[in-house]
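Novice: Before I ask anything, let me first share the structure, which is written out below as C-alpha cells.
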Amino acid sequence: MAWGLGYIASQSDAFKDLILDQEGVKLLANALSSIQTSYILENGICTLTILTCGKPEPEFEKVKDAIPIFCSVLKNETKEKILRDAAQGLFNLGEYRTDEQSVIPVGVIPVLLQHLE
C-alpha cells in the first residue's frame, strides 16, 4: 500500500495534499514503526520522502510525524537506498525551516555524521 500512496502523491500536488489532509504521514509513520520487512520499509520510507517534499513545502504539522521514523531508520538500517531516502526526507523537512520546526533538535546530526565514518 505504501508504494501506491507514493505513486499517487507523486502525480500531483493536489493528490499529495489530499493524502496529507487525511493524516497520511501519521498513519504511514505508525505502520512503519513496526515493520520488519526491508522491502515494505523501503517503499514506506520512499513514500514518506515524497510526502515531505515540494514547493510550496507541506505544512509542518502534517509531515512532522515522519521525523522519528527517518531518525530511527538512520540509526538502525544498513540498506543504502533506505538510508538515502530517509536522509532526503529529513532534508526536505528542514530545507525551509530556520525556527523551532527544524529537524536539528531531534538529535539527527550525530546520526548523520556517523554515516560518514
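Novice: Hey, can you tell me all the residues within the stretch 17-34 that are within 16 Å of Gly4 (Cβ to Cβ) and surrounded by fewer than 17 Cβ atoms within 10 Å (Cβ to Cβ)? Give the derivation first.
Specialist: Taking the stretch 17-34 and keeping what is within 16 Å of Gly4 (Cβ to Cβ), we get 18-20, 22, 24-25, 27-28, 31-32.
If the condition is that a residue be within 16 Å of Gly4 (Cβ to Cβ) and surrounded by fewer than 17 Cβ atoms within 10 Å (Cβ to Cβ), then Leu18, Gln22, Leu27, Ala31 are the ones that fit.
Novice: Inside the stretch 45-75, can you point out the residues that are in a helix (DSSP H, G or I), of a type in the set (Lys, Arg) and within 18 Å of Ala9 (Cα to Cα)? Steps first, answer last, please.
Specialist: As a first pass, look at the stretch 45-75 and keep what is in a helix (DSSP H, G or I): 45-51, 60-63, 66-75.
Checking the rest, the ones that are also of a type in the set (Lys, Arg) come to 62, 75.
Within the stretch 45-75, Lys62 is the sole residue that qualifies.
Novice: Can you go through Ser12, Ser34, Ser38 and tell me which one is closer than 25 Å to Asn76 by Cα and without any contact (Cβ under 8 Å) to a residue 24 or more places away in the chain? Working first, answer last.
Specialist: Values: Ser12 fails: closer than 25 Å to Asn76 by Cα; Ser38 fails: without any contact (Cβ under 8 Å) to a residue 24 or more places away in the chain.
When all the criteria are applied, what remains is Ser34.
Novice: Tell me the residue from Gly89, Gly24, Gly44, Gly4 that is of a type in the set (Gly, Ala, Ser), over 26 Å from His115 (Cα atoms) and touching a residue at least 12 places away in the same chain (Cβ under 8 Å), please. Explain how you work it out, then say what you get.
Specialist: On the way: Gly89 fails: over 26 Å from His115 (Cα atoms); Gly44 fails: over 26 Å from His115 (Cα atoms); Gly4 fails: touching a residue at least 12 places away in the same chain (Cβ under 8 Å).
Matching residue, one of Gly89, Gly24, Gly44, Gly4: Gly24.
Novice: Still on this structure: Only one of (1) more than 21 Å from Glu95 (Cα to Cα); (2) of a type in the set (Asp, Glu); (3) surrounded by 15 or more Cβ atoms within 10 Å (Cβ to Cβ) fails for Asp65. Which number is that?
Specialist: Looking at each condition in turn, Asp65 falls short on (1).
Novice: Residues in the stretch 1-33 that are outside any helix (DSSP H, G or I) and under 16 Å from Asp65 (Cβ atoms): how many? Spell out the reasoning first.
Specialist: So in the stretch 1-33, the residues outside any helix (DSSP H, G or I) come out as 1, 12, 22-23, 33.
Applying the additional criterion that residues be under 16 Å from Asp65 (Cβ atoms) yields 22-23, 33.
Final tally of qualifying residues: 3.
Novice: From the residues in the stretch 1-54 that are in contact with a Gly (Cβ under 7 Å, 6 or more places away or on another chain) and of a type in the set (Ser, Thr, Tyr), which one is nearest to Leu93 (Cα to Cα)?
Specialist: Here the answer is Thr52.
Computed from the coordinates by the stated procedures, all read-outs in this text should not be read as laboratory data. Everything quoted here is computed from the prediction, not taken from an experiment. Positions of Cβ are generated from backbone atoms using ideal geometry, with glycine treated the same way; all protein chains shown enter the neighbour counts.
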